[in-house]
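**Q** Sharing a structure with you now.
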Amino acid sequence: MYKIVLIRHGESEWNLQNRFTGWADADLTDNGKKQAKLAGTYLKKAGYTFDIAFTSLLKRAIKTLHLALEEMDLLWIPETKAWQLNERHYGALQGLNKTGTSQHYSAEQVLIWRRSFKTAPPSLDASDERNPATDVRYASVDKQLLPLTESLETMMHRVIPYWQNEIVPYILQGRKVIISAHGNTLRGLVKYLDKMDDEQIESFEIPTGVPLIYELSDKLEPLMHNYLTAASFTAPIV
C-alpha cells in the first residue's frame, strides 16, 4: 500500500476577489498562509513525513508547499516545480470577476465554462499579454504546448502524463510524496484515480489548504481517501 498527499493551495488574493485566476500568479492571502501552516501542523500531528515534493510554477502553490513543510521541519526535501501542474488556463476569462462575467454572459454559461468537463472558456488571442508564451518562466517550454484556454479534459492531457511519467515512479520506489497544486489540477487527478465519470466531476470540489490523503494499492488503485482536518484527531491540537 502507498500513501500520497494532495493539497490545494491556500486561499489566494484572487480567490478572495472572486476572479478567474488560471495561470495568473496571484499570491496567498493572510488567511491562505494560515491554511497552509495549519495543513503542515495537521500532517505533522498525524505522523506524516515526505521524501519529495511536487508543485506548479505558480507562487500560491509553491508558498503553500513551503509553509506546510516549514511546519513539519521538512523544507530541505527535494522539490520539483512543473508547469504541467499549473491551474487550468481560463483563457479570456482570466482576471475577470466571476459575478460580473455571469451578469454579462449569463450564470448558466459561466457555470458551463467553470464546471463542464469538455467545454473550454473563450480562448485568448495569441497577441494577448496574458499568453503564457510571453512569460519568462515558460521560456523553455515548446510554445505549441502552452494553452490559450483549457477545458478540464484538455488540462488532463498534461496533468495525467506528468503524474504517470514523473510522479508515479517515485511512489513505486516507496518514496513519500506530497503534491501542492490547484483546484482543477487536483480535480483532474482525482477524476483519473477514482475513475469518475464526466458528470460526477462537475460537482466535485476540493477545499483550499486542506490535505487530501490517498491510500493506493500496489496497482495504484485507490483503497480510500479522506481529508485531514481538526476532526481527524481525537485530542485537540495545541
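The values are calculated or read from the model by the stated rules, or taken from the named source; none is laboratory data. What you see is a predicted model, and the numbers here were worked out from it, not measured in a lab. Using ideal geometry, Cβ is built from the backbone for each residue, glycine included, and neighbour counts are taken over all protein chains shown.
**Q** When the range 176-198 is examined, which residues are found to be surrounded by fewer than 16 Cβ atoms within 10 Å (Cβ to Cβ) and touching a residue at least 40 places away in the same chain (Cβ under 8 Å)?
**A** 198
**Q** Pairs under 6 Å by beta carbon, first residue of a type in the set (Lys, Arg) in the range 159-175, partner outside any helix (DSSP H, G or I), six or more apart or different chains?
**A** Note: pairs meeting the criteria are 175/51; 175/52.
**Q** Output the number of residues of the range 118-140 satisfying the condition of being farther than 30 Å from residue 194 by Cα, in contact (Cβ under 8 Å) with a residue 24 or more places away in the chain and of a type in the set (A, V, I, L, M).
**A** 1
**Q** Here is a further query. For the range 132-155, enumerate the residues that are touching a Leu at 6+ places or on another chain (Cβ under 8 Å) and surrounded by 18 or more Cβ atoms within 10 Å (Cβ to Cβ).
**A** Of everything in the range 132-155, those that are touching a Leu at 6+ places or on another chain (Cβ under 8 Å) and surrounded by 18 or more Cβ atoms within 10 Å (Cβ to Cβ) turn out to be 132, 138, 148, 149.
**Q** Being in contact with a Leu (Cβ under 8 Å, 6 or more places away or on another chain) and among the β-branched types (Val, Ile, Thr), is that true of even one residue in the range 219-236?
**A** Within the range 219-236, none of the residues are in contact with a Leu (Cβ under 8 Å, 6 or more places away or on another chain) and among the β-branched types (Val, Ile, Thr).
**Q** Could you say which residue among 57, 93, 85, 67 is closer than 27 Å to residue 164 by Cβ, aliphatic (A, V, I, L, M), crowded, with 21+ Cβ neighbours inside 10 Å and touching a residue at least 40 places away in the same chain (Cβ under 8 Å)?
**A** Just one listed residue meets the conditions, 85.
**Q** I would also like to ask the following. Considering each of 64, 21, 41, 101 in turn, give the residue that is over 30 Å from residue 217 (Cα atoms), touching a helix residue (DSSP H, G or I) at 6+ places or on another chain (Cβ under 7 Å) and at pLDDT 95 or above.
**A** 21
**Q** Can you tell me which of (1) touching a Lys or Arg at 6+ places or on another chain (Cβ under 9 Å); (2) in a loop (DSSP other than H, G, I, E, B); (3) not basic (Lys, Arg) is the one residue 141 doesn't meet?
**A** Here residue 141 meets the rest and fails (1).
Quick grid of which residues meet (1) surrounded by fewer than 14 Cβ atoms within 10 Å (Cβ to Cβ); (2) out of contact with any Gly (no Cβ under 6 Å at 6 or more places or on another chain); (3) at pLDDT 95 or above; (4) in a loop (DSSP other than H, G, I, E, B):
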{"site": "170", "(1), (2), (3), (4)": "no, yes, yes, no"}
{"site": "210", "(1), (2), (3), (4)": "no, yes, yes, yes"}
{"site": "223", "(1), (2), (3), (4)": "yes, yes, yes, no"}
{"site": "226", "(1), (2), (3), (4)": "yes, yes, yes, no"}
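**Q** Counting only residues that are part of a loop (DSSP other than H, G, I, E, B) and in contact with a Gly (Cβ under 9 Å, 6 or more places away or on another chain), which one in the range 183-206 is nearest to residue 6 (Cα to Cα)?
**A** Only one residue fits best here, namely 206.
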